[in-house]
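Structure first, then comments.
Derivation of every value follows stated rules applied to the coordinates shown; laboratory data play no part. These numbers come from a predicted model, not from an experiment. All Cβ positions, glycine included, derive from the backbone under ideal geometry; neighbour counts span all protein chains shown.
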Amino acid sequence: MREALAALTIRGRAFLAAGGTAFLCALVLGHDELVRVGALLLLLPLATAFYLGRSRYRLGLVRSLSPGQVAAGQQARVQLDLTNDGRMPTGLLLLEDQIPYVLGTRPRFVVDRMGPKWKRSVGYLVRSDVRGKFEVGPMKVRLSDPFGLVELERTFQTRSSLVVTPRVVPLPVVPLSGVWTGSGDNRPRAFASGSAEDVTVREYRRGDDLRRVHWRSSAHAGELMVRREEQPWQSRATLFLDNRKIAHRGTGAASSLEHAVSVAASVAVHLVQRGFSVRLVTAVGVDHGGTWHEQHGALSAETAPLLESLAVLRDTSHPHIDLKWLHEVGHAGLLIAVLGDVGEHDKPVLTRMRHSAASAMAVVLDVPSWSRGAEPGGLGTAQQTAWLGAHGWRAVACGPQDPLPTIWQDLGVAARSGTGRANAPTAPLTGSAS
């Protein structure tokens, strides 16, 4: 009851004030008719507050997002299914879902009276131009009487997550000579003939040819085992993204870091499409503990973890690049780096990275283009690409206005001709098989 009295609206408080005034006027002027008017004005909000305060509504909410992961600039739909699980009908319901301002204005809905076991559905669209992982909810419900005298507020504690991934630009196919890709260029290798103990086997799967059952291994394992007749080569690619704060300029969506994340996302999706097993590495180490993301099923399912990691990636204040991943995860295979402002202290690190990979390609951001007032200390972009080219990298420069497909195509031309944009001699591009 106390909560309901505290939830009186301005109209309800006005009714109480008018009722008290009518009583005072009746006492002073001696008009009995004002006593009846004052009693009505006082009893109406009080009775409404008592009724709402004693009511026990049982409301259920199911929130669904479709899709749960979208690219920056695309829309997602939020569906709200509200049910009345109690035996009492509700009054007028005012719904307000709590969302970050980056997703838009907070949606508000008015739902009419809901009888027992009734269900109402409402929906709205959200859109963000900024990548990230955002919480949608909780939803607040305001219960109001038909006269608008009292409003009680209830809050559902359920929340949902919306992942906004970086913008992905389709990239043209460029030659990556010498890299086994698992499809197209794939050369399956048969196992060498030998004794039965040399045969590589795996568990029986529904649909396997029974003629491939290896009975001796099945007897040892206690379950059916079949021969693996051939094993395709699988190419590996390590995608390095320099996310150090000192290596970038600008703020917000217009910063060089955001451009670097978009470049990395586009390259990651392109490599998975080409059949690569991809892992993401940042300046602070390996993402997801060194997991290689491969395309075994739908493309969207395989790129979702990579894009989600890039969606929540933040800059780091650590000034140096951590290279523990070189020893933790093994050979890098094809190495593609998205670099910011490279300094003198980064040269030994980049040299070690190059030596750990079969071949290395780099997109060097022209960081000063994002901020004319950049502090000195880094090498110029032309000097960076020239130095990288002289140390075995295929490097091209990338400015804020340069189309990414053109940059990627230039990188492929540099790899095929053995030169970067700085025309520095480099070794031939080769890949590795795992």
task: Provide the packing ranking of 65-74, 208-217, i.e. peptides ordered by the mean count of other C-beta atoms within 10 Å per residue, highest first.
output: 65-74, 208-217
- prompt: Considering only DSSP states other than H, G, I, E and B, which chymotrypsin sites (Phe, Trp or Tyr not before Pro) in segment 89-123 qualify as loop sites with at most 16 other Cβ atoms within 10 Å?
  reply: Trp118
message: Suppose R0 equals 41 Å. What FRET efficiency, 1/(1 + (r/R0)^6) with r the Cβ-Cβ distance, do Thr21 and Arg106 give to the nearest 0.05?
response: 0.65
task: Within segment 38-98, report the trypsin sites (Lys or Arg not before Pro) that DSSP leaves as loop and that have at most 15 other Cβ atoms within 10 Å.
output: Arg56, Arg58, Arg87
- prompt: Roughly speaking, what is the stretch gain from His327 to Val62, that is 0.36 nm per residue apart minus the C-alpha to C-alpha distance, in nm to one decimal?
  reply: 90.8 nm
Cα-centre dipole for segment 23-113 with unit charges at Cβ (Lys and Arg positive, Asp and Glu negative), debye to 20: 300
task: Quantify how much of the Cα-Cα distance distribution of segment 1-55 extends past 13 Å, in percent.
output: 57
- request: Please report, in debye to the nearest 20, how large the charge dipole of segment 2-54 is about its Cα centre when each Lys and Arg carries +1 at its beta carbon and each Asp and Glu carries -1 there.
  value: 220
